[in-house]
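The values are calculated or read from the model by the stated rules, or taken from the named source; none is laboratory data. For clarity, every value in this text was computed on a predicted model and none was experimentally measured. Note: ideal-geometry Cβ built from the backbone for every residue, glycine included; neighbour counts use all protein chains shown.
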Amino acid sequence: MPKLKKRNVKRILLITLISGFIAINFVAFFHAYAFTHFSESGQDKTSHPERLSFGAKLKILIFGVSNPRPKAKHPAPATYQTIRLQSNYAIECWYSAKADNPLLKDSVKGAVAIFHGYGAEKSGMLDKAALFDSLGYDVLLVDFMGCGGSEGNSTSIGFHEASQVTTAFDFLAGKGYTDIYLFGSSMGAAAIMKAMQDDKLPVSGLILECPFSTMYETVGARFDNMHLPRFPMAGLLVFWGGVQNNFQAFKHNPEDYAKAITAPTLLMIGGQDKNVSMPATQSIFNQLNGEKQLKVYLLAGHENYLNKYRSAWINDVSFFMKKP
């Protein structure tokens with residue numbers, strides 16, 4: 001009887017462990033899907049995790065975030081054309097082209113392609129576009145796959161989006177621009193960095209706001225913000241997110257892409273950013289292999305820096321773009 005009882009205890013423990021392993025992977029699978037796929041349900045987007053109650057955090061941990069498809073909040077200005085470019089997905093862009101106007105062509109210095117962050121779309125970047133326009137640059141605002149008017153309903157947090165960065169650059173180069181800058185915020189910055197590694201784009205410069213350092217670190221930061229342990233869910237989310245979206249997510253690391261970047265780079269970060277830490281940003285900055293500048297906006301979080309540092313941002317960008 002004691003031996004039989006011992007065997008039963010072992011069997012129960014084994015079944016419990018296997019059941020727990022299956023259950024946690026089940027949760028991680030659906031959470032990863034919710035994080036990387038947009039819905040058309042009309043539900044509101046999940047609030048900032050640090051503001052949620054414990055019950056709301058637990059619900060998110062089990063079922064995943066509410067992730068509605070990002071849709072344009074503002075129409076295209078009259079001076080922009082709406083165009084579609086064929087990349088790995090068909091992407092919708094707004095193109096402001098003074099260079100196409102014989103009366104304005106001589107006033108154009110070059111072009112800037114603008115790339116939004118996770119869960120956003122191109123109309124949210126119109127304020128930045130207006131500033132680049134005021135500096136004498138034509139602008140291409142891009143909707144990444146799954147966002148705004150572009151094809152698809154998923155995101156790979158910058159991995160597959162890198163091909164769309166290259167497509168945008170090729171469009172501008174094909175238009176005859178020789179002075180081309182790439183500007184990206186958060187995921188957009190990460191996508192630019194991967195495109196630079198993969199395709200060695202001959203840009204005049206990069207302006208990068210708060211790119212994450214590694215895929216695991218950016219997922220882990222979300223758990224930190226909810227005051228939940230990273231292990232084991234953060235790693236499982238990265239794994240299943242990669243499997244579902246056909247890429248090796250643990251290797252999607254901008255701090256590694258930075259090693260291949262020799263173009264002049266302006267890197268920006270908010271001193272109160274809870275999603276991207278200063279050590280992570282410093283790691284990226286240290287790996288960059290060209291002329292580089294790091295600007296820290298001390299009281300800004302993971303947000304639009306124009307909200308609190310409009311004058312500083314304009315001065316920093318203007319100085320960077322005027323450098324020979």
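From the list GLN293, GLN244, pick out the single residue that is within 28 Å of LEU58 (Cα to Cα), not aromatic (Phe, Trp, Tyr) and not in a loop (DSSP other than H, G, I, E, B).
Only one candidate qualifies: GLN244.
Return yes or no: is VAL243 of a type in the set (A, V, I, L, M) and surrounded by fewer than 18 Cβ atoms within 10 Å (Cβ to Cβ)?
yes
Any residue that is assigned to a helix (DSSP H, G or I) and in contact with a helix residue (DSSP H, G or I) (Cβ under 8 Å, 6 or more places away or on another chain) - is there at least one of those in the range 275-282?
yes
If you go through the range 237-257 one residue at a time, do you hit one that is more than 18 Å from HIS160 (Cα to Cα) and assigned by TED's automatic domain parsing to the domain that holds ILE207?
Among the residues of the range 237-257, not one is more than 18 Å from HIS160 (Cα to Cα) and assigned by TED's automatic domain parsing to the domain that holds ILE207, which makes the answer no.
Can you find, within the range 78-89, the residue that is farthest from VAL165 (Cα to Cα) among those that are part of a loop (DSSP other than H, G, I, E, B) and at pLDDT 95 or above?
TYR80
Contact list please: Cβ distance under 8 Å, first residue in the range 160-174 and under 18 Å from ALA190 (Cα atoms), second residue among the polar types (S, T, N, Q) and not in a loop (DSSP other than H, G, I, E, B), pairs at least six apart or on different chains.
What qualifies is HIS160/ASN245; THR167/GLN86.
Of all residues being out of contact with any Phe, Trp or Tyr (no Cβ under 7 Å at 6 or more places or on another chain) and farther than 16 Å from MET125 by Cα in the range 172-192, which is surrounded by the fewest Cβ atoms within 10 Å (Cβ to Cβ)? Just the residue, please.
GLY174
Among MET268, MET321, which is among the hydrophobic types (A, V, I, L, M, F, W, C), under 29 Å from MET226 (Cα atoms) and at pLDDT 95 or above?
Working: MET321 fails: under 29 Å from MET226 (Cα atoms).
Step by step, each of MET268, MET321 is checked, and only MET268 is among the hydrophobic types (A, V, I, L, M, F, W, C), under 29 Å from MET226 (Cα atoms) and at pLDDT 95 or above.
Identify, please: which residue in the range 128-142 is under 19 Å from the mean Cα position of the chain (by Cα) and in contact (Cβ under 8 Å) with a residue 60 or more places away in the chain and is, among those, farthest from VAL317 (Cα to Cα)?
LEU141
Filter the range 279-324 down to the residues that are over 19 Å from the mean Cα position of the chain (by Cα) and acidic (Asp, Glu), then identify the one that is farthest from ALA263 (Cα to Cα).
ASP316
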